1. Contact order normalised by length for the chain, with contacts defined as Cα pairs under 8 Å and 6 or more residues apart; what percent is it?
2. Could you give me the ³J(HN,Hα) list for the range 39-44, computed from phi with Karplus coefficients 6.51, -1.76, 1.60 and θ = phi - 60°, whole Hz, x at Gly and Pro?
3. For the range 2-145, give the magnitude of the charge dipole about the Cα centre (Cβ charges: +1 Lys/Arg, -1 Asp/Glu; no others), in debye to the nearest 20.
4. Would you tally the net charge around R68, using a Cβ to Cβ cut-off of less than 12 Å, leaving R68 out, and scoring K and R as +1, D and E as -1?
5. Show me, for the range 101-110, the HN-Hα J-couplings you get by feeding each phi into the Karplus relation (A = 6.51, B = -1.76, C = 1.60, θ = phi - 60°), rounded to Hz, glycine and proline as x.
6. At 222 nm, what helix-only mean residue ellipticity would the chain give, in deg cm²/dmol to the nearest 500, using -39500 (n - 2.57) for each DSSP H run of four or more?
7. Just in the range 18-74: which trypsin sites (Lys or Arg not before Pro) are loop by DSSP and have at most 14 other Cβ atoms within 10 Å?
8. Among A22, A69, A30, which one shows the biggest mean-square fluctuation in a GNM of the chain, springs joining Cα atoms closer than 10 Å?
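Every read-out reported here was derived from the displayed coordinates using simple, explicitly stated rules and does not represent laboratory data. The shown structure was predicted, so the numbers you read here are calculated from the model rather than taken from an experiment. Note: ideal-geometry Cβ built from the backbone for every residue, glycine included; neighbour counts use all protein chains shown.
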Amino acid sequence: MKSIIFVCLGNICRSPIAEGCAAQLIKENALDIQVSSAGTGSWHVGEAPCSNSVKVCKANSIDISMLRASQFTPKDIAEYDLVVALDESNMNDLKALGVKNLVKLGAYGYESQDVPDPYFFNGFDGFEKVFSMIEGCVKNLFDTEFKK
Ligand code: 4NP
C-alpha cells in the first residue's frame, strides 16, 4: 500500500481539505492508498478543521469534520511514500526536518503556485478559491503518481 501525507502550517485549513479530496478519490476509485495530513506547527494539535474548510468541503460532498490536527515530526518521515507541501514555506520547513520524498502540491497545476493560507482571509470566498486549487492539483497528483 502507498501512503501520502499533505502538510501545511496549522493542519486546520488547507491540508485537511487536501486530505478530504484525496480520501474522496481513493474511495471513488477503490485505490489502495493511505492518506493523512499534518501541520509543521503545533498550535492547533487536536483541533477540528476550521469551520470554513469544513463548510467548503461539505458544499462539495466531502466530510472532513472528523479530522483532528496533528504536527508533522521527524518520526513521520519513514511512514510516508510521499510528503506533499501546500506552499514554499512548508517545503522549506519540511526540507529542514530532513524530508526527501517531498513535492509541492502546486507542481501538479496552477503553474506551481503556493496554495495561499486562508486562515487570515475575511469570509468564505478565499476558501472556495483554495478548494478548487487543491481539488484540481490533488486529482493531477493522483493521475501522475498513482496511475494504475
Ligand atoms: P493552515 O492555516 O496552515 O492552512 O492550516 C493556518 C492555520 C493556523 C495558523 C496558520 C495557518 N496559525 O498561525 O495559527
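1. Values: 276 pairs, mean separation 38.6, N = 148.
It comes to 26 percent, rounded to a whole number.
2. Values per residue, Gly and Pro as x: x, 6, x, 10, 4, 10 Hz.
3. Details: 12 positive and 19 negative charges, 44 e Å.
Magnitude of the dipole: close to 200 debye.
4. Working: positive: none; negative: E19, E47.
Every neighbour counted, the sum reads -2.
5. In residue order, the calculated couplings are 7, 10, 10, 9, 4, x, 5, 9, x, 6 Hz.
6. -11500 deg cm²/dmol
7. On the way: sites: K27, K55, K58, R68; in loops: R68.
Passing sites in the range 18-74 are R68.
8. Most flexible of the set in this elastic network: A30.
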